[in-house]
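To keep things clear, I will list the structure first and then write my remarks on it.
The values are calculated or read from the model by the stated rules, or taken from the named source; none is laboratory data. Since this is a predicted model, take the numbers as computed values, not measurements. All Cβ positions, even for glycine, are placed from backbone atoms using ideal geometry, and neighbour counts span all protein chains on display. Quick note on the areas: whole protein, heavy atoms, side chains included, nothing else; ligands and nucleic acids left out. Shrake-Rupley method; radii C 1.70, N 1.55, O 1.52, S 1.80 Å.
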Amino acid sequence: MTTVIGKPSTLALEYCITDASKMMGYSRLWLGNASLGSIEELVYLDGYVMGCLQDLRRKGTLHARYAHLQGPALFHALDDDLRLSDQCAAADSREDAYSYLLQCGTLFDVYTVFAYRNETGAFCVLWRLESPVEDLPYSDLAAATHEIHFAEFAGEQLDAVIEQFAQVINATPS
């Protein structure tokens, strides 16, 4: 049985602890009623998941080169820059894009995820499934698409999810 912290309509963390001594279990995020990650993939909850939430909290506002873009156009610009080779001018663009990449260990292995804060201070997340659906080992992703998803939520919501999840981790006997 899974537990949900937060509101799936904006931001929520769904998790299940299977091995308290190693703090391992299953987890995924819910952003704007869309799931990100698979609840069937075993992960380190105090490592990958908490680290992911903390990395998300550290994301800054968009660099000037991206500030005029939104939705799929922003995703594609970041993704294109991220894939540039490490040659001189391209390296700067690659470094700019890399700062928005949300890496969470194996939690998002089959996704590309970017995150940033908008001009009002809200957090924004863009993500796309990268692996062919037929190759995915997780049944909960069988209906997934390769569409670019977008969600926005307040910093207070992220702080509340992190705080409540930290309490769970700290209260779980190992």
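What the table below lists for this structure:
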| item | result |
| --- | --- |
| Any chance A67 is of a type in the set (G, A, S), at pLDDT 95 or above and open to solvent by 40 Å² or more (accessible area, probe 1.4 Å) | no |
| Answer residue from region 96-106, given it is open to solvent by 20 Å² or more (accessible area, probe 1.4 Å) and of a type outside the set (V, I, T) and is farthest from L42 (Cα to Cα) among those | D96 |
| Lone qualifier among E147, E134, E163 - being open to solvent by 30 Å² or more (accessible area, probe 1.4 Å), in a loop (DSSP other than H, G, I, E, B) and either modelled with pLDDT under 95 or not basic (K, R) (or both) | E147 |
| Residue check, D92 surrounded by fewer than 19 Cβ atoms within 10 Å (Cβ to Cβ) and modelled with pLDDT under 85 | yes |
| Some residue of region 71-87 being among the aliphatic types (A, V, I, L, M), in a strand (DSSP E or B) and either in contact with a His (Cβ under 8 Å, 6 or more places away or on another chain) or loosely packed, with under 14 Cβ neighbours inside 10 Å (or both) | no |
| Region 13-41: number of residues that are open to solvent by 30 Å² or more (accessible area, probe 1.4 Å) and hydroxyl-bearing (S, T, Y) | 4 |
| Selection from region 107-121 of residues that are open to solvent by 40 Å² or more (accessible area, probe 1.4 Å) and either at pLDDT below 85 or among the small types (G, A, S) (or both) | D109 |
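Every residue, every condition in (1) in contact with a helix residue (DSSP H, G or I) (Cβ under 7 Å, 6 or more places away or on another chain); (2) more than 21 Å from A151 (Cβ to Cβ); (3) touching a residue at least 60 places away in the same chain (Cβ under 8 Å), yes or no:
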position	(1), (2), (3)
G47	no, yes, no
K59	no, no, yes
L62	no, no, no
G71	no, no, yes
D81	yes, yes, no
Y100	yes, no, no
D109	no, no, yes
Y116	no, no, no
G121	yes, no, no
